[in-house]
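Accompanying notes for the structure given below.
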Amino acid sequence: MERNQNIKQFKGQTRLPKFAIPDRYDLHLKPDLSVCTFSGTICINLRIIEPTKFVVLNALELNIHGVLFTDSQNQFSPCDIVLDDDDEILMLVFEEALNAGDGILRIDFSGILNEHLRGFYRCTYMDGEEKKNMAVTQFEAVDARRCFPCWDEPALKATFKITIDLPLELIALSNMPIIDEKLTGNVKTVYFDESPLMSTYLVAVVIGLFDYVEDTTADGVKVRVYCPLGQANEGKYALSIAVRALDLFAEYFSMPYPLPKLDMVAVPEFSGGAMENYGLIIYRENELLYDDLQSTAARKQIMTIVVMHEVAHHWFGNLVTMEWWTHLWLNEGFATWISYMATDGLFPEWKIWTRFLQQTTGGLRVDALEGSHPIEVEVHQARSVNEIFDAISYKKGSAVIRMLQGYLGDDILQKALSSYMEKYAWKNAKTEDLWSVLSEESGIQVNKMMDCWTKKKGYPVISVKSEDHFLEFEQSQFLSSGLHGEGKWIVPITLFLGSYNRRKNFLLESKFEKVDVSELFSSSDGYSGSFNEANEEKCSEFVWVKVNVEQSGFYRVKYEDKLAAQLRKAVEKNCLLATDKFGVLDDAFALCQACEISISSLLSLMDVYRKELDYAVLSKLIDVCYSVVEISIDAIPDAVNELKTFFINLLLFSAEKLGWESVPGEIHLNTMLRGDVYKALATFGHDKTHSEAMQRFESLLNDRATPLLSADIRKAAYIAIMRNASTTNRNGFESLLKILREADTVHEKERVLGCIASCPDSEIVLEVLNLLVSDEVRDQDIIYGLRGISLEGREIAWRWLKDNWDLILNKYGDGLLITHFIRDIITPFCSNEKADEVTEFFATRATPGIAMNLKQSIEQVRIKARWVQSIKQESSLEEVISRLAC
């Protein structure tokens, strides 16, 4: 009874007790790839803080074979060893108390190389025609404990000395360089140098067979990219970016890269996109390998940002680490923001800050849900950590940093970040630590301004009205449900009036503020007037108001009708920068979804974007088109075809300008835009696009290297093929399956999987879904197929998910991959009845790893159900659509 009481005190705790603190791990791993198991020994240098009969650390899905604690005088074996899978802890109970001081804890253990892409897991690679096993680690957030017993919390940094036994013919990689190798028969033992201080989630091991390319930075750091056999050339682009990134960040932070080497390795199966393990960044293959013929311009841009992001983590995250997962955004928000800044420095012609608005939009969309969470979110249960690797930590996090950058200025921010790195190097930090350094450097109370953005969920919508020489601003929380929540933010307001020469900035600190802008009406360009003047020509030329200049602030703007009409004219006359045209449309769509403005108003605004050619703006227009079609199938089914005709007409101008084939010397963004435009036309059923796409697809079947269907436009052709496929006309579908099975690059497989479920025939969709969970598709790749399910396939996909839920949960585990099934299959629905059905199904099936994702997905369905009812109330909507479609 006493024993149970003593053990019970450690259950249900958020964090480990601090009786003992690790300083150093000496880890020896012995994987057996033939039977997919591993054994190991860990010797941990501990500081016993106070006398204790208990040592509690993390372990999960491990077998413990022996434990011994040794201090300067004695050896102690525990009288009881308790593994608790619910709390993921290993409790060691000793007969007599261990004395305060230093000692070494040795644990012998074993485990299984799992198939769930977390912890120490197995995947397969091809060696010629033979499929072979390899081993990979993925420890973030809390899965180092699946590989070896440890204090698996970010604040408990230690050094790591790693040794690995492996087959003679294979390569072993870890965080540090190899310092020795010993051969014993067919086994080699590889000894790695001891690491600097780091958190357990950053420890990494990869065992497999690779080719590599290498280069050296200006500071002498050796950088290698490890690729599948025979594909070393595909690593050259990522290598060049990594080398430049290391030099760039070392200069920006005034802090050199702290390790002697950086390896980046592409593995065949990986749950995320990439992982920033110290000195050994692990990527899924399509995020690291670049093929000049098979990779798209969009993939090149994404790859650049991803490599920048992971390398940046070696400062933000690895060198200075969040104290607890509550402050995850210090890792992910900053790495996201600075990856765009660095990419812009290398490729200014990409206009990457305009693309960054997609990050902002993603954050705004999720943070407008009642089921959102603050950037700084309390984490009480280890498995729930995975759910905050989401749009709030990454996208909202990076967007509020961008907003702060605009407010403080580039120079102050850079100087402050350098000071922050110097102060907290090799340590852990909280959000308030960063605000403190920023406040010291800027002389501004940064925490006062920023706490409202990081400590509470949500953001404001700023309502703007005009009267004479005044603008009236009112803030309230924006929710997609249409409710106006409580809350007040300190908002950096930026605005232009009629010209980019007439700007005003101020902090909105109250709920309501009336601002005199008379000085903007008498500026140096000679115009003098007011908002009430009736001269339409002057209004269209001078009196438009754009609030939130270049969308640098994390908030929505709602204009009164008069100002909205003037702003629409400014868009039509091309008076605005691309970032502001993007913002006008993005805000209007969000307000329409929240039933704050009519869908007729939204469609009328979309109409003035007919001649738009900017990549980011047109991509946003296309996204809005997709969303409007989705909602209209439920709201106005009889008008859907006419609506699609309108959207096709919106895109024909850009399609005709771009053509199907690239022209010599065209800008990178046009190459990207061509694929998006033609894919949209194919999705909306444009006959001419379908006909041309299918002819070019035939050329591809005859010659996989045909110039008639480049990588950048293949998705358009694949969509056209699948939109014309059915159970009675399977030829195109079978041809696309053949391409998938014969594809020799990961990018081609990703493309096909992303389009193959877009068929309107639900029986074909069902066949694809079964293919996705078969052994024919790698576990990591199911995400591409799930994203592409046709609207006609919604119901069959939901029935399939219910029928196969136990199989899916068992196959993919309660990790990152499972959230894609929830989000991609549930959120396309638009009725309260379906939301109720989903709620009922998961009432007894939800797990901590999907709880928040499920709640948000159901909320999105209810938001769209409300939107459907609002659209049905618009009496003249079909007349508006008919007029616009002409």
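Does residue 845 satisfy being assigned to a loop (DSSP other than H, G, I, E, B), open to solvent by 30 Å² or more (accessible area, probe 1.4 Å) and in contact (Cβ under 8 Å) with a residue 12 or more places away in the chain? Here the answer is yes, as residue 845 does meet what is asked. Checked against (1) crowded, with 22+ Cβ neighbours inside 10 Å; (2) of a type outside the set (Gly, Ala, Ser); (3) touching a residue at least 60 places away in the same chain (Cβ under 8 Å), residue 257 meets all criteria but (3).
Let's see how each residue does on (1) touching a residue at least 40 places away in the same chain (Cβ under 8 Å); (2) open to solvent by 10 Å² or more (accessible area, probe 1.4 Å); (3) closer than 14 Å to residue 383 by Cα:
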{"site": "806", "(1), (2), (3)": "no, yes, no"}
{"site": "818", "(1), (2), (3)": "no, no, yes"}
{"site": "822", "(1), (2), (3)": "no, no, no"}
{"site": "826", "(1), (2), (3)": "no, no, no"}
{"site": "832", "(1), (2), (3)": "no, yes, no"}
{"site": "836", "(1), (2), (3)": "no, yes, no"}
{"site": "840", "(1), (2), (3)": "no, yes, no"}
{"site": "851", "(1), (2), (3)": "yes, yes, yes"}
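Note on the range 260-282: residues that are open to solvent by 10 Å² or more (accessible area, probe 1.4 Å) and touching a helix residue (DSSP H, G or I) at 6+ places or on another chain (Cβ under 8 Å) total 5.
On inspection, residue 68 qualifies as in contact with a strand residue (DSSP E or B) (Cβ under 9 Å, 6 or more places away or on another chain), hydrophobic (A, V, I, L, M, F, W, C) and free of Cβ contacts under 8 Å to residues at least 40 places away in the same chain. One residue alone among 855, 864 is touching a residue at least 40 places away in the same chain (Cβ under 8 Å) and open to solvent by 30 Å² or more (accessible area, probe 1.4 Å), and that residue is 855.
Okay, residues lined up against (1) assigned to a strand (DSSP E or B); (2) open to solvent by 10 Å² or more (accessible area, probe 1.4 Å); (3) in contact with a helix residue (DSSP H, G or I) (Cβ under 9 Å, 6 or more places away or on another chain):
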site	(1), (2), (3)
194	no, yes, no
201	no, no, yes
206	yes, no, no
215	yes, yes, yes
218	no, yes, yes
225	yes, no, yes
233	no, yes, no
238	no, no, yes
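Restricting 614, 634 to those that are farther than 18 Å from residue 871 by Cβ and of a type in the set (D, E, K, R) reduces the list to 614. Starting from residues that are without any contact (Cβ under 8 Å) to a residue 40 or more places away in the chain and open to solvent by less than 20 Å² (accessible area, probe 1.4 Å), keep the ones in the range 417-451 and report whichever is farthest from residue 400 (Cα to Cα). Among those residues, the one meeting the criterion is 437.
Residues in the range 863-876: is at least one in a helix (DSSP H, G or I), under 24 Å from the mean Cα position of the chain (by Cα) and within 26 Å of residue 384 (Cβ to Cβ)?
yes
Residues that are in contact with a strand residue (DSSP E or B) (Cβ under 6 Å, 6 or more places away or on another chain) and either open to solvent by less than 10 Å² (accessible area, probe 1.4 Å) or assigned to a loop (DSSP other than H, G, I, E, B) (or both) within the range 17-31 comprise 17, 19, 20, 22, 25, 27, 29, listed in sequence order.
In the range 779-797, which residues are over 29 Å from residue 123 (Cα atoms), open to solvent by 20 Å² or more (accessible area, probe 1.4 Å) and of a type in the set (A, V, I, L, M, F, W, C)?
Correct list: 791 only.
The single residue among 785, 732 that is in contact with a Leu (Cβ under 7 Å, 6 or more places away or on another chain) and either modelled with pLDDT of 95 or more or not basic (Lys, Arg) (or both) turns out to be 785. The sole residue among 137, 163, 159 that is under 34 Å from the mean Cα position of the chain (by Cα), among the hydroxyl-bearing types (Ser, Thr, Tyr), buried (at least 23 other Cβ atoms within 10 Å of the Cβ) and modelled with pLDDT of 95 or more is 137. Applying a threshold of 9 Å to beta carbon distances and a minimum spacing of six or more residues, or different chains, the list of pairs starting in the range 182-201 at a residue that is of a type in the set (Gly, Ala, Ser) and ending at one that is open to solvent by 60 Å² or more (accessible area, probe 1.4 Å) and outside any strand (DSSP E or B) reads 185/168. Within the bounds of the range 327-338, is there any residue that is open to solvent by 10 Å² or more (accessible area, probe 1.4 Å), modelled with pLDDT under 95 and not in a strand (DSSP E or B)? There is at least one residue in the range 327-338 that is open to solvent by 10 Å² or more (accessible area, probe 1.4 Å), modelled with pLDDT under 95 and not in a strand (DSSP E or B). Test residue 762 against the criterion of being within 20 Å of residue 798 (Cβ to Cβ) and open to solvent by 20 Å² or more (accessible area, probe 1.4 Å), and give yes or no. Against the criterion (within 20 Å of residue 798 (Cβ to Cβ) and open to solvent by 20 Å² or more (accessible area, probe 1.4 Å)), residue 762 qualifies. Just so you know, in the range 744-759 the residues that are in contact with a helix residue (DSSP H, G or I) (Cβ under 7 Å, 6 or more places away or on another chain) and open to solvent by 20 Å² or more (accessible area, probe 1.4 Å) include one that is farthest from residue 295 (Cα to Cα), and it is 754.
Quick check, is residue 800 open to solvent by less than 30 Å² (accessible area, probe 1.4 Å), touching a residue at least 40 places away in the same chain (Cβ under 8 Å), over 24 Å from residue 88 (Cα atoms) and part of a helix (DSSP H, G or I)? No; evaluated as a whole, the condition is false for this residue.
Would you call residue 304 of a type in the set (S, T, N, Q), part of a strand (DSSP E or B), modelled with pLDDT of 95 or more and surrounded by 23 or more Cβ atoms within 10 Å (Cβ to Cβ)? No, not satisfied.
Could you please let me know if residue 92 is open to solvent by less than 60 Å² (accessible area, probe 1.4 Å), outside any loop (DSSP other than H, G, I, E, B) and without any contact (Cβ under 8 Å) to a residue 40 or more places away in the chain? Taking the combined requirement at face value, the residue satisfies it.
Which residues, counting only those in the range 166-179, are open to solvent by less than 70 Å² (accessible area, probe 1.4 Å) and part of a strand (DSSP E or B)? Residues satisfying the conditions are 166, 167, 171, 172, 173, 174.
Are any of the residues in the range 675-685 in a loop (DSSP other than H, G, I, E, B) and open to solvent by 10 Å² or more (accessible area, probe 1.4 Å)? For the range 675-685, residues in a loop (DSSP other than H, G, I, E, B) and open to solvent by 10 Å² or more (accessible area, probe 1.4 Å): present. Within the range 393-404, does at least one residue satisfy the condition of being free of Cβ contacts under 8 Å to residues at least 60 places away in the same chain and out of contact with any helix residue (DSSP H, G or I) (no Cβ under 6 Å at 6 or more places or on another chain)? Yes, the conditions are met somewhere in the range 393-404. Sub-8 Å Cβ pairs linking a first residue in the range 36-48 that is under 13 Å from residue 157 (Cα atoms) to a second residue that is basic (Lys, Arg) and part of a strand (DSSP E or B), at least 6 apart or interchain, are 44/24; 44/106; 45/24, ordered by first then second residue.
Test residue 738 against the stated conditions and say whether it is within 16 Å of residue 755 (Cβ to Cβ), assigned to a helix (DSSP H, G or I), in contact (Cβ under 8 Å) with a residue 40 or more places away in the chain and among the basic types (Lys, Arg). No, not satisfied.
The values are calculated or read from the model by the stated rules, or taken from the named source; none is laboratory data. Please read all numbers here as calculations on a predicted model, not as lab measurements. Virtual Cβ from ideal backbone geometry, glycine too; neighbours counted across all protein chains shown. Surface areas here come from the heavy atoms of the whole protein model, side chains and all, with no ligands, DNA or RNA. Shrake-Rupley method; radii C 1.70, N 1.55, O 1.52, S 1.80 Å.
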